[in-house]
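To start, the structure itself, in structure tokens.
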């Protein structure tokens, strides 16, 4: 399904400004939407919105359906009398540009638990009615998730396979027994999810009303330590003890002699196909509740996936297995209609992956940073684009564009000088030149990471693949947004005909 020419910004809500140590869904989220509107943007791309686990990565969540409690705004809880001004004043000294997850998690969990206790005391009938409606509507995943998280807390945060065996493997009458045993903790988890959905869907509605579409992100695989696996072991390739029989990854290549051992559970595709991919229908339906467009991370895994033995020390012993992607997307189309999807088709992509992408008209991705230099991948240069694609200056797994060129300037002059010639730009702001190149391209959609919009260096990089700790921590503050930034993006949007509405097509450039 083709998209109109459009433009947007990639910014995860955790990176929003705010006083509570991490970006949230309070006023700054609405201010950011207003910034997008003033810049004539029509897309806001985010990472997965789920509750993060080990490493704080949004790509390793405790649930593929739930929301991240850390994004809940304390100020909005104060507005509905679940927290007091005094509660909000008792906060640590947070770094406005860097998330300290340990500090934030403890602080926010305390606030959320206090808000839950206040809710129980106040007995707000209107709020209770909304909560009960939410619980009823989301029960398919919420019942398992809330029990999973309550049990995880009861067992000191341990991996689910290390819990009491009866509940870990859902034996006998354990589900009913533990629901009684942990009744209050389960109710708390449901309450927290209700708060997240209330706040996020309000932000989404505000954005949609102003012509902004939310581009969400769907990791193809789930986390091992998740309610998804715990509650649906029959759909994943694990044994009756929860041990991984096979795991996901990618084979050895130029970048890694031993490949990448991701460790995610693999799907029992034959089992999923037998019930017409019901789990996937539910997952995509939830994604379109929370987002307007969905980017599928590692799209090629729907054509073929790399299967590695569960006990393998590296990815060298894996093999490619065919996946029923075509049947899945046909099923989704019948069930959900035309689904707006962006296919992350980076890396080594086969003809059959491209055929799957093109059969359903999904736009692929182009990363400009990958293109520069004699050894760069020339399919990422704009003169090779087809319109049905999305161009990015860089991604969350790369350095910022300024950081990329700062490094190239001193360590690889060939890349730097090659880019200068291609861009026909010899000034100091290579980042702006790359953004302008993206806007001027034939790509239907252009999305610029906020770090590049602000022309920030390596200090603002979001993720270093393979590095343990210190990722997903970057935040911006409004004083980094220079006065004419919105106008600069508005001018490019108008000049290169990427307006969000027909009304501004004839608007003049400042």
Per residue, the convex hull volume that the Cα atoms of region 303-433 enclose (Å³): 158
Which residues does the label zone of residue 84 cover in region 95-136, counting backbone N under 20 Å from a point 7 Å along Cα→Cβ? 107-124
Mean Cα-pair separation over length for region 232-362, i.e. relative contact order, pairs under 8 Å, 6 or more apart, %: 26
Viscosity 1.002 mPa s, temperature 20 °C: give me the Stokes-Einstein translational D for region 361-453 in µm²/s, with Rh taken as the Kirkwood radius over C-alpha pairs. 163
With an 8 Å Cα cut-off and a minimum separation of 6 or more residues, compute the relative contact order for region 191-302 in percent. 35
For the chain: relative contact order, % (alpha-carbon pairs under 8 angstrom, 6 or more apart): 20
Enclosed volume per residue, in Å³, of the convex hull spanned by Cα atoms of region 67-132: 97
per DSSP, antiparallel bridges as share of beta bridges in the chain, % nearest 5, sits at 35
Using the Cα gyration tensor of the chain, with a ≥ b ≥ c the square roots of its eigenvalues, what is the shape: rounded (a/c below 1.5), prolate (a/b larger than b/c) or oblate (neither)? oblate
Sorted on mean Cβ neighbours within 10 Å (highest first), peptides 247-253, 146-152 come out as 146-152, 247-253
Protection proxy ranking, peptides 273-280, 87-94, 370-377, average beta carbon neighbours within 10 Å, highest first: 370-377, 273-280, 87-94
Value at 222 nm in deg cm²/dmol, rounded to 500, when DSSP H runs of n ≥ 4 in the chain each add -39,500 (n - 2.57): -12000 deg cm²/dmol
If each part is reduced to its alpha-carbon centroid, region 228-242 and region 155-200 end up apart, in Å, by 17
Rounded to the nearest 5, what is the percent of antiparallel bridges among the DSSP beta bridges in region 232-362? 80
Convex hull projection area averaged over all views, region 1-89, Cα basis, nm²: 7.8
Cα Rg, Dmax (largest Cα-Cα span) when computed across region 232-362, Å: 15.3, 42
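Throughout, read-outs are computed from the coordinates displayed, never taken from laboratory work. Please read all numbers here as calculations on a predicted model, not as lab measurements. Using ideal geometry, Cβ is built from the backbone for each residue, glycine included, and neighbour counts are taken over all protein chains shown.
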